[in-house]
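Asks: Can you keep this structure in mind? I'll have questions shortly.
Taken together, the values in this text are just the output of simple stated rules run on the coordinates, not laboratory data. What you see is a predicted model; the values in this text were computed from it and never measured. Ideal geometry is used to build each Cβ from the backbone, glycine not excepted, and the neighbour counts take in all protein chains shown.
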Amino acid sequence: MSLDSKLLVAIAAVTGRDGILTGATATPYCTDWRGRYAGNAIAVVFPADTQQVSDVVKLCVENNVAIVPQGGNTSLCGGSVPLAGPIRQLVINLSRMNRIRALDITNYTMTVEAGCKLAEVREVAKQNNRFFPLGLTATEKICEIGGNLSTNAGGIGVLRYGNARDLVLGLEVVLPDGRIWNGLRSLRKDNTGYNLKHLFIGAEGTLGIITAAVLKLVPCPQVTATACVAITNPEVGVRLLAHIRAVLGDTLSSFELFSRSCLDLVLAHIPDTHEPFAKCHEWYLLIQLEDVLQRPLAGELRQVLQSFGNGVAEFETTTDAGTARNWWILRESIAEAQKCAGASIKHDIAVPVSRVADFIARADVLLQETYAGVRIVAFGHMGDGNIHYNASMPDAEQNKLFISQQESAVNKLVYAVVRELEGTVSAEHGIGQLKRKILPDYKDPLEIELMCSIKRLIDPQGLMNPGKVI
């Protein structure tokens, strides 16, 4: 019996044979959501509880087998799939660990296992008159809490509620040697030394496997107002954002930007979508306000937009959920529409909010001057400075050559602008395999040194999600 066969027998004794997939049945778990990365694994293992995760990790350590933690496998950077090549790897998928362990309405907390889908967590909170504000639009029905936390997910509510990191009070983590750290505290104040949970949030499974978390809940909004706004250029959006925040404060929860090219793709590829206005415009904003108190938010937002001045070409406001949903579909469907149109060179950047318009203008000029006919698809979370800035060619054959031959050059042009504006090359998608090699070029050397030191300390054998991040 081979070493791998012996390992699988030992794992089956822990999880049961129905908790293991091998061969062709494991292939979907070894390929990333975008279809860009595909690797190989001895097996995909589905533990049912934290102790099983611990036992499987210990077996991997004993057999010198690398461990790839996985949730819903919606990573856009290849962070949740095994590497290609001869390395011996095991995928540990946490989807079976999907229990809600506790719900404390008075403390506004929910303790959930890593395999809980984000949409289910949000629905349970809603059923109990609470709100979990992490919203990821297109993927929340399939992405899982463990993956959300491992990538420090952002989404549409960051402006008001913060990233995933800001929505966690405690964690349970299986360390690279198999020990279980129980940090499932539901305290809002705990000043007893280093806050270890922040080591694992955003680490993309390279320091351990998040198996459960205590999540913060907030009161349910009692009134929501949404506006679809046509603007002449992104600079108007920057000024309008500052103005709305000054006038309406923390009621502002979402401030999303998308370009004409985004909308054209959605209208072409997503059924039952329509122009928001009779006239076509070059840039659009989707703005959402929320409050726990009953108040005429739509009227207040309308008044702010009417009084803003030049740059707002057209707008509508609503408190009707159906109308708002139709507008949100336009924004949420951009990634899927792009996928239908073909591959693109993607960038998930962030700059200070005040420099978003500068970034788009400078990057547009560089790419358009260098690549005639390039299609730029720019959209994202203007409210927190995070723009998804993607480039492709409209012609399919030309696009294949463009991506295969120019991706590195395009990245350098875009990231040079990001650096000039003191931004980041990864705002919410993480590093994974995609940006691992370029990270040292855009990160302070001391930061890289400290990150490597932490990795060596916690994972001295380098078995936890190798080839990702650092």
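Asks: Relative contact order for region 3-93 using alpha-carbon pairs under 8 Å, separation at least 6, rounded to a whole percent?
Replies: 35 percent
Asks: Which net charge results for the neighbourhood of residue 120, defined as the other residues with beta-carbon distances under 13 angstrom from its beta-carbon, given Lys and Arg at +1 and Asp and Glu at -1?
Replies: +1
Asks: Still on this structure: Taking the Cα centre of the chain as origin, work out the dipole magnitude from +1 charges on Lys and Arg Cβ and -1 charges on Asp and Glu Cβ, in debye rounded to 20.
Replies: 860 debye
Asks: Quick one: go through region 34-57 and flag any residue whose amide nitrogen is under 11 Å from the point 7 Å out along the Cα-to-Cβ line of residue 10.
Replies: Counting backbone N atoms under 11 Å from the label point, the list is 56-57.
Asks: How high is the relative contact order of the chain, given as a whole-number percent (alpha carbon pairs under 8 Å, six or more residues apart)? All intermediate terms of the calculation are to be shown ahead of the outcome.
Replies: Working: 950 pairs, mean separation 71.6, N = 470.
Relative contact order here is 15 percent.
Asks: Still on this structure, I have one more. Which of 19, 74, 51 sits farthest toward the positive end of the charge dipole of region 3-93, with +1 on the Cβ of Lys and Arg and -1 on the Cβ of Asp and Glu?
Replies: 74
Asks: Could you point to the residue in 361, 350, 410 farthest towards the positive end of region 299-411's charge dipole, with +1 and -1 charges on the Cβ of Lys/Arg and Asp/Glu respectively?
Replies: 410
Asks: Can you tell me which of 260-271, 86-97 comes out highest on packing, and rank the rest after it, using the mean Cβ neighbours within 10 Å?
Replies: My ranking of the peptides, most packed first, is 86-97, 260-271.
Asks: In nm, what is the difference between 0.36 nm times the number of residues separating residue 419 and residue 18 and their Cα-Cα distance? Mind showing how you got there, number by number?
Replies: Numbers: separation 401, 0.36 × 401 = 144.36 nm, distance 4.90 nm.
That pair, residue 419 and residue 18, stretches by 139.5 nm at full extension.
Asks: Pop the C-beta distance of residue 87 and residue 194 into the FRET formula with R0 = 30 Å and round what comes out to the nearest 0.05.
Replies: On the way: r = 32 Å, r/R0 = 1.07.
So, using R0 = 30 Å, E works out to roughly 0.40.
Asks: If you don't mind, there's one more thing I want to ask. What is the extension gain from residue 441 to residue 27, computed as 0.36 nm multiplied by their sequence separation minus the C-alpha to C-alpha distance, in nm to one decimal?
Replies: This chain segment gains 145.7 nm when fully extended.
Asks: Something else about it: Mind jotting down the distance between the C-alpha centroids of region 1-53 and region 123-161, whole Å?
Replies: Here the answer is 27 Å between Cα centres.
Asks: Also: Quick one: dipole size for region 100-219, taken about the Cα centre, charges +1 on Lys/Arg Cβ and -1 on Asp/Glu Cβ, in debye to the nearest 20.
Replies: Values: 14 positive and 11 negative charges, 75 e Å.
The dipole of region 100-219 has a size of about 360 debye.
Asks: Still on this structure: Out of region 189-244, which trypsin sites (Lys or Arg not before Pro) are coil in DSSP terms and have no more than 12 other C-beta atoms within 10 Å? Kindly include the intermediate steps, with their values, before the conclusion.
Replies: On the way: sites: 189, 197, 216, 239; in loops: 189.
Those satisfying the criteria are 189.
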